[in-house]
Structures are given as C-alpha cells and as structure tokens.
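> Here it is, the structure in full.
The values are calculated or read from the model by the stated rules, or taken from the named source; none is laboratory data. None of the values given here were measured: they were computed from a predicted structure. Don't worry about glycine lacking a Cβ; one is built from the backbone with ideal geometry, like all the others, and counts go over all protein chains shown.
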Amino acid sequence: MSLWKLINMETIIQKTGQLIFYFNQRGRRLLYKRIFRSHTSMVVSIILFSLIVLLMVFLIFGFPIVKTLTYTFTIVFCLFLVLLLIGSIHEAKRLERTSLHSNFQFNRSNLNGIPLSNIGFSESEMENINLVLNNLRPNNKIDFCLVSDNRTAADYKKLLRILHLLINGGIRHFKKERKEQLFKFIESTFTLNGSEVKRTSLNSRFSEFVNESETEFSENLQAFQKILFR
C-alpha cells in the first residue's frame, strides 16, 4: 500500500469520525432539549413514535383502515396508561427520597414496652413516635421534655443521644449534608419542652456531643441503651 493511500485513509477516518461526533452531539442535544426535558415531552415523544410505528406495521401487513386505527389507538392508550403509572411511581419514589422522614433508617427498640417518660416523651406520643420510626411524618411535633442540668430547658444532647441509638449507624460522624438533614429532621419533628428547636442551640449542642471523649460518650449513652435495648 502506497504512502498516499495511507494518508488518504487516515484523512477519511478523521473526517468520518468528525461527522459521527457532530451528529452524535446534535442528536444528544436534541434528545435533552426536546425529549428528556420533562415527563410530558418524554411521554408525548414515546406515544408519537409508537403511533407512527404501529400505523406503518398494520398497514404493511394489510390490515383494513378501520381495524388499523382501532388497534393502533387501543395499544397507544394502553401504553399511555403504563407510562403514566411508571411516571407516577418514579415521582413517588423521588418524593420519598427527598422526604425528611425517609433520610434515616431506624433500629428497632422495645419502645412499646417501656414508659416513654423514661426517655422524655409523654405516653400520648406513642403513635407519633411509631410513625417516625417507620419513616412517616408524625401527626404533630413530638415534645421532648428531658431537662438539662440547670432544670430550666429540655436537653438537646439527651435528644441527640436517643437519636444516635435509634438511627442505624448513629449520628456522631454526620458531616455537612447529613448533619443538615438531621437538623431539619429534628426541627420538623420535635419541640423541646413546648418550645421550637433553635438552630443555634442545636448546632452548639451537636458540636459538644460529637467532641466528647470516647469514655464520656459511652458513659452518657449507657442509661439510654439500657432503656431502649434491654
């Protein structure tokens, strides 16, 4: 093979590659801008494509016009219902993933067999607590009443210790996004002695909680461990 043919072949490959790349980029841009931009555009595109294909298939196989239209629109309608169901399930799962009460998996404890007052809750809160443990929003905010050493306000750190034991994997190593999820979860789920959760106080107590020495951290958890998992 001559040098000229090698050079010519290289040029053809380069030009062909550039052409394929160009149409690939244009095609992907069209898909994302016109088809994948929303659920509606995706469903409409699939329905139109299916409609055209079905009409062509039935006509090629010699089906009468009336039967062709009847079969085509019946299949397209069924396809629309399937796409609607799939889209609805997908949206429900997306909403569940973004729900504050779906961000954490809870360990099972014997909450149903202990006096809730031992961990700072009223007995009337059992239904709401069970809802939270099953990743559901409580009917009302749950009031946490264990007070701090000064006996004037509910103790944020005691609530954090209970959550550390109930949330699978604990919360001590939460950083940035996970910590923000936790704080929003606490703010939307609990009050402390009838008062709304204060973000500044919660952030300060969380910092103190995670920076306890290993010995202090373990000792502070023991009382709640005995109650929750005896």
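> State whether one or more residues within segment 192-206 are exposed (fewer than 13 other Cβ atoms within 10 Å of the Cβ), in contact with a Cys (Cβ under 9 Å, 6 or more places away or on another chain) and of a type in the set (Gly, Ala, Ser).
Yes, some residue in segment 192-206 is exposed (fewer than 13 other Cβ atoms within 10 Å of the Cβ), in contact with a Cys (Cβ under 9 Å, 6 or more places away or on another chain) and of a type in the set (Gly, Ala, Ser).
> Another question, then. Looking only at residues in segment 185-230 that are of a type in the set (D, E, K, R) and under 19 Å from Asn130 (Cα atoms), which one is modelled with the lowest pLDDT? I'd like the intermediate steps shown before the answer.
Step one: of segment 185-230, the residues of a type in the set (D, E, K, R) are 187, 196, 198-199, 205, 208, 212, 214, 216, 219, 226, 230.
Next cut, under 19 Å from Asn130 (Cα atoms) only: 187, 230.
Numbers: Glu187: 91, Arg230: 67.
It comes out as Arg230.
> Would you mind finding the one in Leu160, Leu146, Leu165, Leu182 that is at pLDDT below 90 and either surrounded by 13 or more Cβ atoms within 10 Å (Cβ to Cβ) or within 20 Å of Ser213 (Cβ to Cβ) (or both)?
On the way: Leu160 fails: at pLDDT below 90; Leu165 fails: at pLDDT below 90; Leu182 fails: at pLDDT below 90.
On inspection, the qualifying residue turns out to be Leu146.
> Got a number for residues in segment 121-148 being basic (Lys, Arg) and within 19 Å of Asn107 (Cα to Cα)? So that I can check it myself, show each step before the final result.
Of segment 121-148, the ones basic (Lys, Arg) are 137, 141.
Next, only the ones that are within 19 Å of Asn107 (Cα to Cα) stay: 137.
Final tally of qualifying residues: 1.
> Here is a follow-up. Just a yes or no: is a residue in segment 173-192 part of a loop (DSSP other than H, G, I, E, B), within 17 Å of Ile119 (Cβ to Cβ) and out of contact with any strand residue (DSSP E or B) (no Cβ under 9 Å at 6 or more places or on another chain)? Working first, answer last.
Narrowing segment 173-192 to residues part of a loop (DSSP other than H, G, I, E, B): 173-175.
Then keep just the ones that are within 17 Å of Ile119 (Cβ to Cβ); that gives none.
No, segment 173-192 has no match at all.
> Within segment 104-136, track down each residue that is modelled with pLDDT of 85 or more, of a type in the set (D, E, K, R) and in contact with a Leu (Cβ under 9 Å, 6 or more places away or on another chain).
Within segment 104-136, Glu123, Glu125 meet the criteria.
> A further question follows. I'd like the residue in segment 50-81 that is of a type in the set (Val, Ile, Thr) and under 36 Å from the mean Cα position of the chain (by Cα) and, out of all such residues, is surrounded by the most Cβ atoms within 10 Å (Cβ to Cβ).
That would be Val76.
> Please go through segment 208-221 and pick out each residue that is of a type outside the set (Asp, Glu) and surrounded by fewer than 10 Cβ atoms within 10 Å (Cβ to Cβ). Steps first, answer last, please.
The first filter runs over segment 208-221 and keeps only residues of a type outside the set (Asp, Glu), leaving 209-211, 213, 215, 217-218, 220-221.
Correct list: Ser213, Thr215.
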